[in-house]
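J.: The structure under discussion is supplied below as structure tokens; questions concerning it will follow.
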Amino acid sequence: MKTYIALFRGINVGGNSILPMKDLVSLLENLGCQKIKTYIQSGNAVFRSEEENAGRLSSKISAEIKKSRGFDPQVLLLESDEIKKAVESNPFPEAESEPKTLHVNFLASLPENPNLKALESIKKPSERFEIKDNIFYLHAPEGAGRSKLAASAERMLGVSMTGRNWRTVCKILAMAQEYS
């Protein structure tokens, strides 16, 4: 059995694409997932599954949500070692003391032709970013909600992504490690 971390993009945000976590748990159970734990309403789940292929399981989860709820969310599945590596590879360790300012954006794939020059040109002087493998790290001390860089990163990278703040990433990692 594998431990997976599911990051759902765009659910329960702004009153759209509503999926209560208790309904998500039921949906995952119906797909054979076990020991399901969720964290906050924005769509984070840790669970065990017999399915060896993360892409296939992600598609099944998304299709089941479409069938039962009428919307088709992006579901990014990570394994425990992937989220552990993301935490260990943080290029801005000094920002960890202010976890709401540090963001880990998981990319659906490696960016083939990211527009780094444009990203640099719109970032505030206080902001920093780095791409490592399929992760876009962002330190936005003034807040990601006010950041042009945060708002434009996905378009300028050319791949879809879903982000979490440092506190959430660390909590999800701790949840996943309970299964090790």
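Only the coordinates and a few stated rules stand behind these numbers; no lab work does. Nothing here was measured: the structure is a model prediction, and the numbers come from that model. With ideal geometry, Cβ positions are generated from the backbone for all residues, glycine too; neighbour counts draw on all protein chains shown.
J.: Over 20 Å between Cα atoms: which of K85/K124; K2/K66; K35/K132; K37/K132; K117/K148 fall into that group?
T.: K85/K124; K2/K66; K35/K132; K37/K132
J.: Within straight cross-link reach of K100, meaning Cα distance under 19 Å, which aspartates and glutamates are found once same-chain residues fewer than 8 apart are removed?
T.: Partners within reach: E88, E127, E130, E142.
J.: Springs between alpha-carbon pairs under 10 angstrom, Gaussian network model over the chain: which of K117, K148, K66 fluctuates most?
T.: With Cα springs under 10 Å in the chain, the top fluctuation among K117, K148, K66 is at K117.
J.: Net charge near W166: determine it from the other residues with C-beta under 10 Å of the C-beta of W166, scoring Lys and Arg +1 and Asp and Glu -1.
T.: Around W166, the charge tally is +2.
J.: A further question follows. Which residue fluctuates most in the GNM of the chain (Cα springs below 10 Å): G163, G43, G145?
T.: G145
J.: Pairs of Cα atoms under 8 Å, at least six residues apart: use those to get the relative contact order of the range 1-84, whole percent.
T.: Contact order relative to length: 41 percent.
J.: Here is a further query. Let's test the formula: R0 of 22 Å, r as the Cβ-Cβ distance of L116 and V13. What FRET efficiency results, to the nearest 0.05?
T.: Using R0 = 22 Å, I get an efficiency of 0.20.
J.: Measure nothing but the geometry: give the 0 to 90° angle between the long axis through the Cα atoms of 21-30 and the longest principal axis through the Cα atoms of the chain, rounded to 10°.
T.: The answer is roughly 50 degrees.
J.: While we're here: Read through the labelled values (1) 1.03; (2) 0.96; (3) 1.10 and report the label of the one computed as Rg/Rh (Cα atoms, Kirkwood Rh) from the structure.
T.: Given (1) 1.03; (2) 0.96; (3) 1.10, the calculated one carries the label (2).
J.: Further question on the same structure: For the Cα atoms of the chain, what angle does the longest principal axis make with the long axis of helix 166-177, in degrees from 0 to 90, nearest 10?
T.: Helix 166-177 sits at roughly 40 degrees to that axis.
J.: Using alpha-carbon pairs under 8 Å, 6+ residues apart, how would you state the relative contact order of the chain in percent?
T.: 24 percent.
J.: Something else about it: Step by step: find N for the range 2-82, compute 2.2 N^0.38 Å, then divide the Cα radius of gyration by it. What's the final number?
T.: Output field value: 0.98.
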